[in-house]
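Worksheet: one structure, shown below.
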Amino acid sequence: KLMDIFRDVAIPDGVVNYLPGVGEEIGPVLTGSPDVDVIAFTGSRSVGLDIVRTAGDTSDEQTSVKRVIAEMGGKNAIIIDDDADLDEAVLGVLHSAFDYAGQKCSACSRAIVLDAVYDQFVERLTSAAASVQVGPAEDPASFMGPVIDEEAFQRIREVIEAASYEHTV
C-alpha cells in the first residue's frame, strides 16, 4: 500500500524502492552493491559495524565511499530540568523506557535529573514504575508485554545488574 501511495503522488521510479527479504540474505547483497550510494540501518551494533566495513570497501565500479546512517541502540537520555512538570516528566520517561517492553532503539535508558528535583522525581518515577502492569501483549490492561526472546531477556537482566552497580535502580 505504501508503494502505491508513492506512485500515486508521482515520486519517480527508483527514488523509493521496496525490496522485501530476509535481512541476513538481502542485506549483504544491497550493502555490497555498487548501485547503492547510501545505507540507512537500524539494528544491532555488530551488524551495523559489518555494514560500515562493507561500505568502506570500495570496488573499481564505485566513485565514492557509501554513506552509512546507522542507529545501533545508543544510550538515550531524558534531561529533567529543575522547572520541569514532574508529572509529565515521569510519564515521558515511563513511556519512553517501557513502551514496547523497552525494545525500541529510541527507548530511554537513563534520566539526567537536576539536583533541585532529583529526590521528588526519583520518588515519583519509582512509584509509577512499580505500578506498571506487566502481562500478555494482547491484554489491554497490560502496560508492558513480554520481550521477544530469551536472548533479549538475558540482555535486560545484564543491564539491570550493571545499573545496580552504577547507581540507584
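Just to be sure I understand the filter: pairs with C-beta atoms under 6 Å, separated by 6 or more residues or on different chains, first member in the range 35-48 and small (Gly, Ala, Ser), second member part of a loop (DSSP other than H, G, I, E, B). Which pairs pass?
GLY48/MET72
Regarding VAL52, is this residue outside the structural domain of LYS104 (by TED's automatic domain parsing) and either part of a loop (DSSP other than H, G, I, E, B) or touching a His at 6+ places or on another chain (Cβ under 9 Å) (or both)?
Details: outside the structural domain of LYS104 (by TED's automatic domain parsing): yes; either part of a loop (DSSP other than H, G, I, E, B) or touching a His at 6+ places or on another chain (Cβ under 9 Å) (or both): no.
The answer is no for VAL52.
Considering only residues that are farther than 13 Å from LEU30 by Cα, of a type in the set (Gly, Ala, Ser) and surrounded by 11 or more Cβ atoms within 10 Å (Cβ to Cβ), which ones fall in the range 44-68?
Result: SER44, GLY48.
Pull up the range 123-137, narrow it to residues that are at pLDDT below 90 and of a type outside the set (Val, Ile, Thr), then point me to the one that is farthest from VAL93 (Cα to Cα).
PRO136
Please verify whether LEU86 is under 30 Å from GLN120 (Cα atoms) and either aliphatic (A, V, I, L, M) or in contact with a Gly (Cβ under 7 Å, 6 or more places away or on another chain) (or both), treating the condition exactly as stated. Before you say what the answer is, go through the steps one by one.
Numbers: under 30 Å from GLN120 (Cα atoms): yes; either aliphatic (A, V, I, L, M) or in contact with a Gly (Cβ under 7 Å, 6 or more places away or on another chain) (or both): yes.
Criteria met by LEU86.
Out of SER59, SER44, SER109, SER33, which single residue is closer than 20 Å to ILE160 by Cα and outside the structural domain of GLU151 (by TED's automatic domain parsing)?
Values: SER59 fails: closer than 20 Å to ILE160 by Cα; SER109 fails: outside the structural domain of GLU151 (by TED's automatic domain parsing); SER33 fails: closer than 20 Å to ILE160 by Cα.
Sole residue among the options that is closer than 20 Å to ILE160 by Cα and outside the structural domain of GLU151 (by TED's automatic domain parsing): SER44.
What is the one condition in (1) touching a helix residue (DSSP H, G or I) at 6+ places or on another chain (Cβ under 8 Å); (2) in a helix (DSSP H, G or I) that PHE41 does not satisfy?
Every condition holds for PHE41 apart from (2).
The values are calculated or read from the model by the stated rules, or taken from the named source; none is laboratory data. Nothing here was measured: the structure is a model prediction, and the numbers come from that model. Glycine gets a Cβ as well: all are built from the backbone with ideal geometry, and neighbour counts include every protein chain shown.
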